Amino acid sequence: EPAPAPLTLDAIDLTLTQGAIGEPLKVTGSAQGPGGIKLTIAEGTMSVAPGRPPTEGQVKATVDVEGRDVREAVASLVPAPAVSGPIKGRLQISGTAARLTATGAVAFERLTVSQSQPRCPDPKPRSLVLDDVRMPLSYAPPQLDSQAVQGKVAKGTVAFHLVMALAPSRTVTLRDIQVKGVQLEPILVDYLCQRDAVSGPLDLTGELALRLPEGLPTLDGSGRLAIGAGRVVGPDLLNAVSRALALTDVVSGITGQGPRARPGAGSPLNFDSITATYRIVNGVLRTDDLVYTARDVRVTGAGTYGVADGRIAMDVTVIQGTNRVKARLAGGPGSLSIVPTDLRLKEPKDLRKTLDRLLR
C-alpha cells in the first residue's frame, strides 16, 4: 500500500485576548483541514502558570467541525479504500498545548466507499454507500476511541466499538460488532465482485483487528454469522456445484432414467440459511461448524477461507434423507473445484428430486 498523506492544517487564524494580567487567555479562531474541512473554535481558554513555557499551558475549547468531503482526511489514516462525504460534529478539547485530548461526536449523513477491485470484470472503481453514520469520539494520544459507531448499509445496520492506535504502529480494532439485516448481494457481488458470493440478509457478532497499511493479510478476529434465505450467486461456487452434479448421472443410472440435464453456471442455488462460528488468524478464516440448510438438504462444512486471496479449503458433507455425500471443496478465484470423497446413496430418487427443486 502507498504511504498515507500527512494530515495538515492551514489557513490558521487564531486570536488571543486577555482581560487582565493573570487571567486565562481567551482563544477564538479557525483552521482549514484537508478537503475543505473547517475547524472553528467556538470558545476556548488557555492558562499558563507564571514562569512556565506556553506548551505547558492548560487548554480548554469547544471546536465545531464541518466539511464537504472527508476523503483527504481519511486518506491520511487509511490509504484505501477511498471514503468521501460531508462531516459535521463538535469536540471538547482539553489538556496541555503540547498534549491535547478530545471528546465529542461527528456525524456523516452519507459516506461513499470506493475502490477498484482487481477481480471485477471492468477497471472502474466500485462504490458502497453508508448512511447516517454516527461516531462518538475520544482521543488521547496516541489512541482514537469511538464507542458505539453506528451506520446503515445495504438495508441493514452496523454498530461497533472502534479503537485506532496511531503510534508506534497503526492498529484498528473493532469490538462488539453487531450487524443486523445487511443484504450481502450489494456488498459481495456489486462492490467486491466475489466469485464465491451469496445473497441474503446477514446477522453477525464478533470482533476484528488489523494493522495499517498492510490491511487484510494482518486481519485477526472471531465471531458468529447467520445468513437468512438467499442464493449462491458467485460463479465459482455455481461452477463447482454444476460439476459436482455429475454425481447425479450415477444416481440416474441406478434408477434407470439416464443422465439428467444439469443447470448451467448461471443457475441460482437457493438456501434457507447459512450459519457458522469462525476465527480469523493472519487473514485466514477457519470454521468447524458451517451449516447450510435448504429444503430437504443439510450441508455441513469445516475448513478455511482466505479473506485476502479468496482461497477455499473445506471438507463438506451433503445430507438428504439417508443419502450422504462427502466432498473436498478447494481452490482460489477462477479455479474452485469440488471432489467427492465418499458417497452413500440409499435413496437416489429422493436426492435427484431435491436437487431439481434447489436448482430451478
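The values are calculated or read from the model by the stated rules, or taken from the named source; none is laboratory data. Bear in mind that the values here come from a model prediction, so they are computed numbers and not experimental data. Here Cβ is always computed from backbone atoms with ideal geometry, including for glycine, and neighbour counts include all displayed protein chains. Just so you know, the surface numbers come from the protein's heavy atoms only, side chains and all, with ligands and any DNA or RNA stripped out. Shrake-Rupley method; radii C 1.70, N 1.55, O 1.52, S 1.80 Å.
Report the charge-dipole magnitude of segment 61-209 in Debye, nearest 20, computed about the Cα centre from +1 at each Lys and Arg Cβ and -1 at each Asp and Glu Cβ.
Value, rounded to 20: 160 debye.
For the chain, the relative contact order is 8 percent, taking Cα pairs closer than 8 Å that sit 6 or more residues apart in sequence and dividing their mean separation by the residue count. Surface composition of segment 40-79: carbon plus sulfur atoms hold 55% of the accessible area, using a 1.4 angstrom probe and ignoring ligands, DNA and RNA.
Binning the C-alpha pair distances of segment 68-124 at 10 Å intervals from 0 yields a P(r) profile of 20, 34, 30, 10, 6, 0 %, listed from the shortest bin outward.
Over all directions, the projected convex hull of the C-alpha atoms in segment 47-99 averages 4.6 nm² in area.
Rounded to two decimals, what is Rg over Rh for the chain when you use alpha-carbon atoms and the Kirkwood radius?
1.14
State whether segment 108-147 is rounded, prolate or oblate according to the following rule on the C-alpha gyration tensor (a ≥ b ≥ c being the square roots of its eigenvalues): a/c under 1.5 gives rounded; otherwise a/b larger than b/c gives prolate, and the remaining case gives oblate. It is oblate, given that a/c is not under 1.5 and a/b is not larger than b/c.
Taking Cα centre as origin and charging only the Cβ of basic (Lys, Arg, +1) and acidic (Asp, Glu, -1) residues, the dipole magnitude of segment 27-119 rounds to 160 debye. Short-range pairs are left out: with C-alpha atoms under 8 Å and at least six residues apart, the relative contact order of segment 19-66 is 35 percent. Placing one equal scatterer on every Cα of segment 1-118 and applying the Debye formula, the log10 ratio I(q)/I(0) at q = 0.15, 0.17, 0.19, 0.21 Å⁻¹ is -0.76, -0.90, -1.05, -1.18. The charge dipole of the chain, taken about the Cα centre with unit charges on the Cβ atoms of Lys, Arg (+1) and Asp, Glu (-1), comes to about 1240 debye, rounded to the nearest 20. For segment 63-144, averaging the sequence separation of C-alpha pairs within contact (under 8 Å, six or more residues apart) and dividing by the residue count gives a relative contact order of 26 percent.
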